[in-house]
Amino acid sequence: MKKVLATVLALGMTTLVFTACNEDTPATTTTDNQNPAVTTTGGEVTTTTTAAIVETTTEKQALVFFDGDMVDNIDYGYYCKILRGENNEILGFAVHGWKNDSKAADLVIEPEYVVKDKTTGAVATYPVIQVGVGQGVISFQNEIETLTIPTGVVKIGNTAFAQCTNLQSVSLPEGLTTIGRMAFWHCDAITEIVIPSTVTEIGNYAFANCTALKTVTLPARFADQVDNIFSGCSEDLVINYN
């Protein structure tokens, strides 16, 4: 019992001495003259982070990388995704989605897209070769009335412009090879469409329920697929083969 009491008393004295030493040590504040953002208080170092100066230029600005293959340039009304080859080389860009503040009646996709690497500062320009990446680009948007897709685009993805109910005019380039499933489904205001002779693949219901469609120019290779491609269109639809 006496040993236990002695141990408790010893611990209590040690605590009192430690507290007294801390109270007797005044807090000091010093500033590193070579680095004014570093302050020492009572032996502890505090680092203050200052805001970096951001330069403003009139050049193309493109610095937002959502992931390894997503890029954004504020000078364009759409985001892009990098398309790579078998050896991971960059082949070009695909328009991935439209920016909400860039919606307009007349939409023109540019043939090239400029990006700047935020780490190295290197600027690169690549062709836009695809519109849509497995989902809608501006689907369900009533603002769009005319659409121009540039030469160089070889593929329009699935549901890319589905249910753009006020879309009246579509310009598709020679060199286009693929129109995805339901790409222009329910575009109720289109009256005429010319599908380039270079197109070799058209997905199911690509122009289905385009109820105002009156005239179509279509490669002859799709003659046996018209009931599917133009399902729900007018019975008076006139199809010319090229």
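Miscellaneous remarks
- Hydrodynamic radius of the range 64-241 per Kirkwood, over alpha carbon pairs, in Å: 16.6
- Taking only the C-alpha atoms of the range 154-242, Rg followed by Dmax gives 11.3, 30 Å.
- Amide H contacts under 5 Å for T159, placed H, 5+ residues apart: R181, M182, A183
- Mean projected area of the Cα convex hull of the range 106-201, taken over all directions, amounts to 6.6 nm².
A short reminder: the numbers here are calculations on the coordinates, not readings from a lab. Computed from a predicted model, the values in this text were never measured in an experiment.
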